[in-house]
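Input: a single structure, listed below in structure tokens.
Just so it is clear, none of the values below were taken in a lab; they were calculated from the coordinates. No experiment lies behind these values; they were computed from the predicted model shown. Virtual Cβ from ideal backbone geometry, glycine too; neighbours counted across all protein chains shown.
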Amino acid sequence: MGDVIVLRERREDRARPNRSPRPAFFFDLACPFSYLAMERVERVLGEVEWIPTAAVALHRESDYEQKRAHVEEIRACAERRALTLRLPLLWPERFPVHHPMALRAAAHAAETGAGARFAMAASRLAFCGGFDLDDPEILAEAGAAAGMQLDDCLSAAGDSSRDVQLHATALGLLARGVRRLPAVRIGRRWFDGEQTLGGAAALMRARVLSDRPLAPAG
């Protein structure tokens, strides 16, 4: 039985490199740094594949509790980055907290082509409006903004079987040396942390230039 579970986790791991030329953007809706990256990721990288990930599975339980103990330090760091980026940042009443229902809905949205729209709507409700993503009415609002059917959004949010993919992807990130979100995968190169987005953008620019045909001499 254990072998079956491991095989399923490997199959559900969306951190595995694939042949898509698009960068992949890994995020958690409870992560303020993911929100700060979301606001500009497609502006600097072009179209990306949006992949929700359970950040809680990215750390050992003891590490997660340590992170909770340093919540004020995390807040201050995020607020400094928001100020630098000239982005609004309003803290939800409950922070930090894991949002499994919102992540499940985000996974469904990604499967139906609404991943970016749902993630942006949900993150703005959380970090610009201070709303609780565990509230079904707030999830429904994010789903509506993404063009999702209400029943589909709430059904996905309640489907705990989706947790396998969300956690397997986090474990896949760990196996590839990624320790924090957001993260970007370009080919087989990884960039983890919001402030590495500039490095990912530089790599994308270099790729575009290397693919550009030479101008004729003359």
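Here are the numbers:
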| read-out | value |
| --- | --- |
| Footprinting exposure proxy for PHE131, PHE118 (fewest neighbouring C-beta atoms within 10 Å first) | PHE131, PHE118 |
| Distant-in-sequence amide H partners of GLU49 (H built 1.01 Å from N, under 5 Å) | ALA24, PHE25 |
| Net charge contributed by nearby residues that have their C-beta within less than 11 Å of ALA144 (K/R +1, D/E -1) | -1 |
| Percentage relative contact order, segment 19-203, counting C-alpha pairs under 8 Å, at least six apart | 32 percent |
| Debye, to nearest 20: dipole size of segment 19-203, +1 on Lys, Arg Cβ, -1 on Asp, Glu Cβ | 1000 debye |
